Amino acid sequence: MTYNITFPIRWRLALLIFSSVLVAGCGEQRFLAPDAPDFSLPGLAGGETITLSDYRGDVVYLTFWASWCAPCREEMPLLSSLWQAHRDEGFQVIGINVDEDPEAARQFAQDMGLEFPLAYDADRAVSRLYRVAGYPSHYVLDRRGKVRFSALGFTEADALAVTREVETLLAEPADAIN
């Protein structure tokens, strides 16, 4: 016995639009804005404040992460390596944590040996500002503070794309930030 199910044209069109939105909403280039919204957040370790505008003139990789996030655990070694390799060229990584328990985030950072700046977004206000839909969400900013790349999640393809984007942005003239 076979069933032949046909949908009215408006249902097929709605399904096509919905599936297109789902596909377009994933992966790189998810959120591009003329300028990355500025923020100030407390450092995860306490004491210091991390303000995005203080990094103007550097290529900046923002990552929104959580200690319970498996893809975040995969992303962090790449970020550490990329930061170590390019920080003297004007590359900075800022990890923005969203854990409810900051101690879990501190333990994660210690276990992973993270040395780049880590901020704590306790009320997720900065996450909302950046329209973070899941973790990790990352954004690569050029020296002018413009979002040039963004992605949700983390895969090997993301690692290659991010590395290429960072190296491309670092090759742009630093004096062109005005």
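The values are calculated or read from the model by the stated rules, or taken from the named source; none is laboratory data. None of the values given here were measured: they were computed from a predicted structure. We place every Cβ from the backbone using ideal geometry, glycine too, and count neighbours over all the protein chains shown.
Those residues that are touching an Asp or Glu at 6+ places or on another chain (Cβ under 6 Å) and part of a loop (DSSP other than H, G, I, E, B), I need them from segment 96-119; list them, please.
Hit for segment 96-119 is Val98, nothing else.
Given the conditions (1) closer than 15 Å to Asp58 by Cα; (2) modelled with pLDDT of 95 or more, report the number of the one that Asn178 does not fulfil.
With (1) closer than 15 Å to Asp58 by Cα; (2) modelled with pLDDT of 95 or more applied to Asn178, the lone miss is (2).
Based on this model, can you work out whether Ala157 counts as surrounded by fewer than 16 Cβ atoms within 10 Å (Cβ to Cβ), over 14 Å from the mean Cα position of the chain (by Cα) and at pLDDT 90 or above?
It is false that Ala157 is surrounded by fewer than 16 Cβ atoms within 10 Å (Cβ to Cβ), over 14 Å from the mean Cα position of the chain (by Cα) and at pLDDT 90 or above.
Looking at this structure, is Tyr120 of a type in the set (Ser, Thr, Tyr), over 11 Å from the mean Cα position of the chain (by Cα) and within 13 Å of Trp65 (Cβ to Cβ)?
yes
Trp65 passes all but one of (1) surrounded by 21 or more Cβ atoms within 10 Å (Cβ to Cβ); (2) touching a helix residue (DSSP H, G or I) at 6+ places or on another chain (Cβ under 9 Å); (3) farther than 19 Å from Thr49 by Cα; (4) in contact (Cβ under 8 Å) with a residue 60 or more places away in the chain; which number fails?
(3)
How many residues does segment 50-94 hold that are under 22 Å from Asp111 (Cα atoms) and outside any strand (DSSP E or B)?
The total comes to 21.
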